[in-house]
Amino acid sequence: MTAFTENLSEQNQGRTSVRYLVLGGGVTGLAFADALAAQGRGDECLVLEREREPGGYCRSTHRNGYVWDYSGHFFHFRDNMLREELLGRMRALGHRVHEVARLSKVAVCDRYIDFPFQRNIHQLPQAAFLRCLHDLYFATRSASPESSGVGLLDSGASSAPTLPENASFYAMLYARFGRSIAEHFLIPYNEKLYATDLRHLDHNAMGRFFPYCDIDELLRHFVDPKPAGYNARFYYPEAGASAYIEALTTRLEPDMLRLGEEVTRVDLPARTVHTRRGSYRYDSLISSAPLPKLLQLCGEAPSAALSWNQVEVFNLGFDRKGVRDLHWLYVPDRDICFYRVGCYDNCVDGNKLSLYVEIGHAANVDANALRSHAPETLARILNDLRRIRLIKDERLVDWQQLILDPAYVHVSQAGSAFSAQKRQALSDQGVHSIGRYGRWTYCSIEDNILEARALAHQLSAQPA
Ligand SMILES: Cc1cc2nc3c(=O)[nH]c(=O)nc-3n(C[C@H](O)[C@H](O)[C@H](O)COP(=O)(O)OP(=O)(O)OC[C@H]3O[C@@H](n4cnc5c(N)ncnc54)[C@H](O)[C@@H]3O)c2cc1C
């Protein structure tokens, strides 16, 4: 535990009734509490967190000179004011924060090409490049089964064909990019990541985070490449993602956060939550726990409408510097066990190779079995890292296995409709389910902070 965490662990005693009770001390829950504290109303808010330290998926391990997160957690912003505020708060705490121009690649056709794959097909071997270009061109000109493989509606336009409302992610990939781009990269990579049939995901499952690209943009990119995408530039503190959490807690009084306090039941009519230590009465409950978990705490049976994956993360520290000029690498090859690997050290000018490796699993894979197979999985990872030439003779010094469950929500039309209906019903009873897993969506840390702040302003404007 850091000094900062120990400080916050000075548990408050006694408060059992609060206006705003927050379930979960990750980014979302802490941003909500921070927004109330900024209004001078921190005493109306209490955060319950089951772990012994705050942060949720934005926690960091500091060990043997390595700094590891729950796989790479990088800060990227659309809101410049929020960026300046949070960078200022981190720097005021003494954190060194690096501004990084993304260097991400795809391991394909026995080489590394720049990411996004679909913009950089000219870096492929010539035959593969021509096939990708041909299929992209004809997929976006016509929606014949030969070109798209999925029989979509044809808009007749020169760029993106019109997709039916209920088109799947799988169908969208073929329709927007053609067979070769889809099958070289987009299908195998996303199947490894989501650990599901992509026909189960909505065509817009990744929202603004998906790097669309039409043929005009592609041709321009060939001669005038420009960094694109939501994370073309990002920020990363030398202390890891926990620095975001530290910054978000500067305004909190110790009695606003109770650690090691797991909510075990929510009594909606009584507006009361129960933990192993006691009960808390609330006016509003703000939950950032995963929506299926919250529904279970409220006494509901599980629903098949909500599905998700797990991500098994291996953090690896080596004895010397390794690959340079790379922040992360996408690996679509189904024979390689991981879908992505990233270099923490290259984000902070570190002098020893420090990697995160991510493996996607279905939600029903037993986490205990994954834990007991960690040594075998590690051996396979090291072998696969050598096969894709990411490591050579570097020696592994330390490692850590983490399991993120849920990690990526399977955004589907049925799931979104179910989530919207349940969240509305909960909201009518004073429970606000927010955050990446509370809202059941694909989003960033920045989105979590903005959503939590907006809710804090909305609720605090209401009369008591
Ligand atoms: C592999 C991966 C990589 C990512 N990379 C990035 C990135 O680079 N940049 C980015 O912006 N975003 C990234 N994200 C998204 C980011 O992790 C999330 O948006 C963010 O961490 C969500 O914060 P949260 O507070 O909503 O949820 P969480 O971090 O899940 O926090 C929820 C908290 O609730 C607590 N809790 C749950 N149940 C209970 C209970 N019953 N009682 C008490 N407490 C409970 C949990 O312990 C946890 O602390 C990534 C996500 C994944 C999976």
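Among the criteria (1) in contact with a Leu (Cβ under 8 Å, 6 or more places away or on another chain); (2) without any contact (Cβ under 8 Å) to a residue 24 or more places away in the chain; (3) of a type in the set (D, E, K, R), the one ASP345 does not fulfil is (2). The strands (runs of 3 or more DSSP E) found wholly in the range 321-387 and carrying at least 1 residues that are at pLDDT 95 or above, basic (Lys, Arg) and within 23 Å of the chain's Cα centre (by Cα) occupy 340-343. Entry remark, the range 155-177: residues being assigned to a helix (DSSP H, G or I) and either within 17 Å of ILE215 (Cα to Cα) or at pLDDT below 95 (or both) number 6 in total. For the range 415-449, the set of residues classified as over 22 Å from ASP69 (Cα atoms), in contact (Cβ under 8 Å) with a residue 12 or more places away in the chain and in a helix (DSSP H, G or I) consists of GLY415, SER416, ALA417, PHE418, SER419, LYS422, ARG423, LEU426, listed by residue number. Each residue in the range 101-115 was checked for being in a strand (DSSP E or B) and within 23 Å of the chain's Cα centre (by Cα), and 6 of them qualify. Here GLY72 fulfils each of the conditions (1) modelled with pLDDT of 95 or more; (2) buried (at least 21 other Cβ atoms within 10 Å of the Cβ) apart from (1). Among the residues making up the range 45-61, a single one is near the ligand (Cβ under 6 Å from one of its atoms) and part of a strand (DSSP E or B): LEU48. Only one entry in SER427, SER419 is under 30 Å from TYR282 (Cα atoms), surrounded by 15 or more Cβ atoms within 10 Å (Cβ to Cβ) and assigned by TED's automatic domain parsing to the domain that holds GLY56, namely SER419. Residues in the range 226-268 that are touching a residue at least 12 places away in the same chain (Cβ under 8 Å) and assigned to a loop (DSSP other than H, G, I, E, B): 20 in all. Restricted to the range 364-414, and to residues there that are touching a Cys at 6+ places or on another chain (Cβ under 8 Å) and touching a residue at least 60 places away in the same chain (Cβ under 8 Å), the residue that is nearest to VAL106 (Cα to Cα) is ILE381. Would you check if TYR236 is under 23 Å from TYR57 (Cα atoms) and either in contact with a helix residue (DSSP H, G or I) (Cβ under 9 Å, 6 or more places away or on another chain) or modelled with pLDDT of 95 or more (or both)? Yes, satisfied. Of all residues assigned to the range 182-192, none qualifies as being in contact with a helix residue (DSSP H, G or I) (Cβ under 8 Å, 6 or more places away or on another chain), surrounded by fewer than 15 Cβ atoms within 10 Å (Cβ to Cβ) and not in a loop (DSSP other than H, G, I, E, B). All of HIS134, HIS98, HIS122 fail the test of being assigned to a helix (DSSP H, G or I) and surrounded by fewer than 17 Cβ atoms within 10 Å (Cβ to Cβ), apart from HIS134. When LEU30, LEU8 are checked against the criterion of being at pLDDT below 95, within 14 Å of the ligand (Cβ to nearest atom) and assigned to a helix (DSSP H, G or I), LEU8 stands alone in meeting it. Select from the range 263-280 the residues that are of a type in the set (D, E, K, R) and surrounded by 15 or more Cβ atoms within 10 Å (Cβ to Cβ) and list them in ascending order. Listed by number, the list holds a single entry, ARG271.
The set of residues in the range 219-244 being among the aliphatic types (A, V, I, L, M) and surrounded by fewer than 24 Cβ atoms within 10 Å (Cβ to Cβ) consists of LEU219, VAL223, ALA228, ALA232, ALA239. Do we have any residue at all in the range 305-312 that's closer than 27 Å to VAL409 by Cα, touching a Ser or Thr at 6+ places or on another chain (Cβ under 6 Å) and acidic (Asp, Glu)? Among the residues of the range 305-312, not one is closer than 27 Å to VAL409 by Cα, touching a Ser or Thr at 6+ places or on another chain (Cβ under 6 Å) and acidic (Asp, Glu), which makes the answer no.
Could we say that GLU246 is under 25 Å from ARG439 (Cβ atoms), at pLDDT 95 or above and within 13 Å of the ligand (Cβ to nearest atom) here? Taking the combined requirement at face value, the residue does not satisfy it.
Among the conditions (1) of a type in the set (Asp, Glu); (2) more than 26 Å from ALA289 (Cα to Cα); (3) crowded, with 18+ Cβ neighbours inside 10 Å, the only one that GLU84 does not satisfy is (3). Every listed requirement among (1) of a type outside the set (Val, Ile, Thr); (2) buried (at least 21 other Cβ atoms within 10 Å of the Cβ); (3) farther than 27 Å from ARG63 by Cα is met by TYR344 save one, (3). For the range 430-440, filtered to residues that are buried (at least 19 other Cβ atoms within 10 Å of the Cβ) and more than 9 Å from the ligand (Cβ to nearest atom), the residue that is farthest from PHE209 (Cα to Cα) is VAL431. Counting the residues of the range 273-295 that are over 23 Å from the mean Cα position of the chain (by Cα), within 14 Å of the ligand (Cβ to nearest atom) and outside any loop (DSSP other than H, G, I, E, B) gives 7.
The values are calculated or read from the model by the stated rules, or taken from the named source; none is laboratory data. Just so you know, these numbers come straight off a predicted model, no measurement behind them. Here Cβ is always computed from backbone atoms with ideal geometry, including for glycine, and neighbour counts include all displayed protein chains.
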